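The values are calculated or read from the model by the stated rules, or taken from the named source; none is laboratory data. Keep in mind that what you see is a predicted model, and the values were worked out from it rather than measured. FYI the Cβ positions are ideal-geometry reconstructions off the backbone, even for glycines, and counts take in every protein chain you see.
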Amino acid sequence: MILSLVALLGLYVRRADRLGAVGFALAVVGMVVAACAFSWEAFLLPPIAREAPELFDWGAPIVADRGVLAGALAGLWLLGLALLGFALWRARVVLRAKPPRQSRPTVPTGHG
């Protein structure tokens, strides 16, 4: 994830505009929140769930409040990447993909 931040910075610095700045800011904030949420789910929640499983009921504060908020903030990562990608595409930093070349069929036809 750290290398992704460096790569985003490298793409953004090359061609900056307002939409790119908003996309970059949202992507960085969303990526940091997502990384925190991933590590929280991997290392902090399992010991808590073993000791107090009632905290993870559907209406409990961990699931309802913090889980929804972390998921929504991590969604900023995707929104920011989409905005940054569109801004970079519009600025022609990211080139359009060329369609694949069509080749001749290699199926033998029986002629000569």
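How do the pairs read when you match residues in segment 67-90 that are aromatic (Phe, Trp, Tyr) with residues anywhere that are surrounded by 17 or more Cβ atoms within 10 Å (Cβ to Cβ), using Cβ under 7 Å and keeping only pairs 6 or more apart or on different chains?
Matching pairs, first to second residue: Trp77/Ala27; Trp77/Gly30; Trp77/Met31; Trp77/Ala34.
Taking Arg104 as the residue in question, decide whether it is in a helix (DSSP H, G or I) and either at pLDDT below 70 or in contact with a His (Cβ under 6 Å, 6 or more places away or on another chain) (or both).
No; evaluated as a whole, the condition is false for this residue.
On the given criteria, is Ala37 modelled with pLDDT of 80 or more, among the small types (Gly, Ala, Ser), under 15 Å from the mean Cα position of the chain (by Cα) and surrounded by 12 or more Cβ atoms within 10 Å (Cβ to Cβ)?
no
For segment 66-84, does any single residue satisfy the condition of being farther than 20 Å from Ser4 by Cα, loosely packed, with under 14 Cβ neighbours inside 10 Å and either in contact with a Phe, Trp or Tyr (Cβ under 8 Å, 6 or more places away or on another chain) or at pLDDT 80 or above (or both)?
Checking segment 66-84: not a single residue is farther than 20 Å from Ser4 by Cα, loosely packed, with under 14 Cβ neighbours inside 10 Å and either in contact with a Phe, Trp or Tyr (Cβ under 8 Å, 6 or more places away or on another chain) or at pLDDT 80 or above (or both).
As an exercise: evaluate Gly59 against (1) within 21 Å of Ala91 (Cβ to Cβ); (2) among the small types (Gly, Ala, Ser); (3) at pLDDT below 80 and give the number of the one condition it does not meet.
Unmet condition: (1).
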